[in-house]
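> Below you will find the structure I want to go over with you.
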Amino acid sequence: MILEHYIDGAHVPSISGDTFTSLEPATNRPYLTVSAGHAEDVAAAVAAARKAFGDGPWPRMPAGERAATLRAIAAAIETRDERLAALECRDTGLPITQARGQARRAAQNFRFFADVITTLGEDVYRVGSAQLNYVLRKPVGVAGLITPWNTPFMLATWKLAPALAAGCPVVLKPAEWSPLSAGLLPEIMEEAGLPPGVFNLVHGIGEDAGAALVEHPDVPVISFTGESATGRVIMRAAAGHLKTLSMELGGKSPLIVFDDADLERALDAAVFGVFSLNGERCTASSRVLAHAPIYAEFTARLAERAAQVRVGVPDDPATELGALIHPDHHAQVSEYVRIGVAEGARLAAGGARPPHLPEGNYLSATVFADVTPDMRVFQEEIFGPVVCVTPFGSESEAVELANATRYGLAAYVWTSDLRRAHRMAQAVESGMVWVNSQNVRDLRTPFGGVKASGLGREGGRHSIDVYTAAHIVHLATEDLPVPRFGTA
Ligand code: NDP
């Protein structure tokens, strides 16, 4: 069986007939053939979406009716949540318990944006009694959605739900390493009664199908999640068309622990932050900055905890750390382990394939201690189960170290000093800071990064802003004074 594109309500192969093969991360055996889209397939998908935008019912529907369809999509996801989790687990190597959590979040994304769109008002500005200015939020047109391979279904719905809520037809290009779960979306959308042409899916290689979507003149908005380097390529290509861009990019987020923190809770957060989701998490707390008085103890306990993280086959409910997505990625993460050792970092835990898992993309939970800011393992996003620990002496040094990379997605601060918590929270360069908390998401809150971690914010009404344009009507409610050039 071939996993095909879905264009204008129909499953279709690539016009060229080209395909690519997907590997199962737990074994690296090929198990899925996928249609490889090119520019002509993207063009067909955009044409269907463009038609749905131009004369279809979706953009014109009252928000309440669109919301009802979004809730039906959530329900259709929920009735398939076990299947979805199983597909995601097999396709990405994520532990099954965590894949289940991601499937639940996918349904929540649709329910949440159904609520957002039915409660979001539009603004009115009264100019005395003479003029009324009101703002309409209009869907911008066809939305191009490009997603990465980590938590692929949840991240696709994080874009699909607000784009559809806003009234935009979409073309989704999932990552080539994890296309499987997106293959369930057509039946979900059909069951929920989404009109044909509103949801379109084109599989393929980023530099080919993804680039064609970015280059297409009838796609005014691109929402992209992926690496900062790819983001740069996309911005360059989109500049020619002056497209709206929402860019959620890479990270190298610090978790800063002061000596007055609740160390047990900080440890829980550190372990969860970098080893859950196989460490393939954009907001992973991949740099731990530990206050000098507790540095030795915290590092030793982090290493102990890392050694206890259960690495295993993804479909075992006891597994905490599964298989990395692809042999190339496994090789890249393993290369960072080699680089860290060569740079002089101290390997305090992990760093190798667990002996009981001879095949597949497995790596033990890895802790590097005595890491300094000049090291590549401190500076570069590894996107795997590898954490670097660095000591700091003073609050100002903690800030300096926290801000010493090109990234600025998330940060985590652990201290029991309230004033210091606020000072730190405001001083770190990141889109988001959690204080005395692990990464907990509230879908209303703006999500996104600064520096090389992204542009724009999504979440709640911020997502709706991405997919709508403000259309302002200025209306005279009385005769205005006759305009004179001298008053201009
Ligand atoms: P990539 O940037 O490699 O790929 C992301 C998507 O872009 C894929 O669908 C890819 O296709 C496609 N793509 C690649 N090249 C182009 C191009 N020239 N034009 C258009 N599309 C293109 O990221 P990964 O898939 O490797 O994902 C990991 C990255 O994602 C990490 O850096 C991580 O931090 C980041 N991320 C950020 C999040 C955030 O919210 N800030 C959340 C999750 C992940 P293909 O699969 O064929 O390469």
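The values are calculated or read from the model by the stated rules, or taken from the named source; none is laboratory data. Computed from a predicted structure; not experimentally measured. Virtual Cβ from ideal backbone geometry, glycine too; neighbours counted across all protein chains shown.
> Using beta carbons and a limit of 8 Å, which pairs, at least six apart or on different chains, have the first residue in the range 175-201 and at positive phi and in contact (Cβ under 8 Å) with a residue 60 or more places away in the chain and the second one of a type in the set (S, T, Y) and more than 16 Å from the ligand (Cβ to nearest atom)?
G193/T69
> What about A212, is it under 27 Å from P57 (Cα atoms) and within 12 Å of the ligand (Cβ to nearest atom)?
Spelling it out, A212 is indeed under 27 Å from P57 (Cα atoms) and within 12 Å of the ligand (Cβ to nearest atom).
> Please work out which one of (1) more than 11 Å from the ligand (Cβ to nearest atom); (2) more than 22 Å from A45 (Cα to Cα); (3) among the acidic types (D, E) is the condition E248 fails and give its number.
So E248 meets the others, but not (1).
> On to the next question. Condition first: in contact (Cβ under 8 Å) with a residue 24 or more places away in the chain, in contact with a strand residue (DSSP E or B) (Cβ under 7 Å, 6 or more places away or on another chain) and either part of a loop (DSSP other than H, G, I, E, B) or closer than 28 Å to A47 by Cβ (or both). Now tell me which residues in the range 121-140 satisfy that.
Answer for the range 121-140, where residues must be in contact (Cβ under 8 Å) with a residue 24 or more places away in the chain, in contact with a strand residue (DSSP E or B) (Cβ under 7 Å, 6 or more places away or on another chain) and either part of a loop (DSSP other than H, G, I, E, B) or closer than 28 Å to A47 by Cβ (or both): A130, L136, R137, K138, P139, V140.
> Still on this structure: Mind telling me which of the residues A290, A237 ends up being at pLDDT 95 or above, crowded, with 21+ Cβ neighbours inside 10 Å and among the aliphatic types (A, V, I, L, M)?
Being at pLDDT 95 or above, crowded, with 21+ Cβ neighbours inside 10 Å and among the aliphatic types (A, V, I, L, M) holds for just one of A290, A237, which is A290.
> Is it the case, given these coordinates, that D465 is away from the ligand (no atom under 15 Å from the Cβ), charged (D, E, K, R) and surrounded by 14 or more Cβ atoms within 10 Å (Cβ to Cβ)?
Criteria met by D465.
> M1 fails exactly one of the following numbered conditions: (1) in contact with a strand residue (DSSP E or B) (Cβ under 6 Å, 6 or more places away or on another chain); (2) modelled with pLDDT under 95. What is the number of that condition?
For M1, the failing item is (1).
> Going residue by residue through the range 405-415, is there one that turns out to be surrounded by fewer than 18 Cβ atoms within 10 Å (Cβ to Cβ) and more than 27 Å from the chain's Cα centre (by Cα)?
No, the range 405-415 contains no residue that is surrounded by fewer than 18 Cβ atoms within 10 Å (Cβ to Cβ) and more than 27 Å from the chain's Cα centre (by Cα).
> Return yes when S228 is among the polar types (S, T, N, Q), modelled with pLDDT of 95 or more, within 22 Å of the chain's Cα centre (by Cα) and more than 7 Å from the ligand (Cβ to nearest atom) and no when it is not.
Considered against the rule, which asks whether it is among the polar types (S, T, N, Q), modelled with pLDDT of 95 or more, within 22 Å of the chain's Cα centre (by Cα) and more than 7 Å from the ligand (Cβ to nearest atom), S228 comes out as no.
> Please state which one of E359, E397, E381 is charged (D, E, K, R) and outside any loop (DSSP other than H, G, I, E, B).
The match here is E397.
> While we're here: Against the conditions (1) farther than 30 Å from A318 by Cα; (2) without any contact (Cβ under 8 Å) to a residue 24 or more places away in the chain; (3) acidic (D, E), where does D115 fall short? Just the number, please.
(2)
> Can you confirm whether the range 273-287 contains a residue that is away from the ligand (no atom under 15 Å from the Cβ), of a type in the set (G, A, S) and on the phi > 0 side of the Ramachandran plot?
no
> OK, next. Please go through the range 234-245 and pick out each residue that is of a type outside the set (S, T, Y) and either more than 9 Å from the ligand (Cβ to nearest atom) or in contact with a His (Cβ under 6 Å, 6 or more places away or on another chain) (or both).
Answer for the range 234-245, where residues must be of a type outside the set (S, T, Y) and either more than 9 Å from the ligand (Cβ to nearest atom) or in contact with a His (Cβ under 6 Å, 6 or more places away or on another chain) (or both): M235, R236, A238, A239, G240, H241, L242, K243, L245.
> Moving on. Could you identify the single residue in V214, V219, V171, V233 that is assigned to a strand (DSSP E or B) and either under 30 Å from G64 (Cβ atoms) or not acidic (D, E) (or both)?
From the options V214, V219, V171, V233, the qualifying one is V171.
> Sticking with this structure for a sec: Restricting attention to the range 140-150, and to residues there that are more than 7 Å from the ligand (Cβ to nearest atom) and crowded, with 24+ Cβ neighbours inside 10 Å, which single residue is nearest to S181 (Cα to Cα)?
Among residues in the range 140-150 that are more than 7 Å from the ligand (Cβ to nearest atom) and crowded, with 24+ Cβ neighbours inside 10 Å, the one nearest to S181 (Cα to Cα) is L145.
> Out of the residues in the range 90-102 meeting the condition of being in contact with a Ser or Thr (Cβ under 9 Å, 6 or more places away or on another chain) and assigned to a helix (DSSP H, G or I), tell me which one is surrounded by the most Cβ atoms within 10 Å (Cβ to Cβ).
T92
> Also, quick follow-up: Condition test on L164, is it surrounded by fewer than 24 Cβ atoms within 10 Å (Cβ to Cβ), more than 10 Å from the ligand (Cβ to nearest atom) and touching a residue at least 12 places away in the same chain (Cβ under 8 Å)?
no
> Something else about it: Filter the range 306-322 down to residues that are touching a residue at least 40 places away in the same chain (Cβ under 8 Å) and either within 16 Å of the ligand (Cβ to nearest atom) or assigned to a helix (DSSP H, G or I) (or both), then give me how many there are.
So the count comes out to 2.
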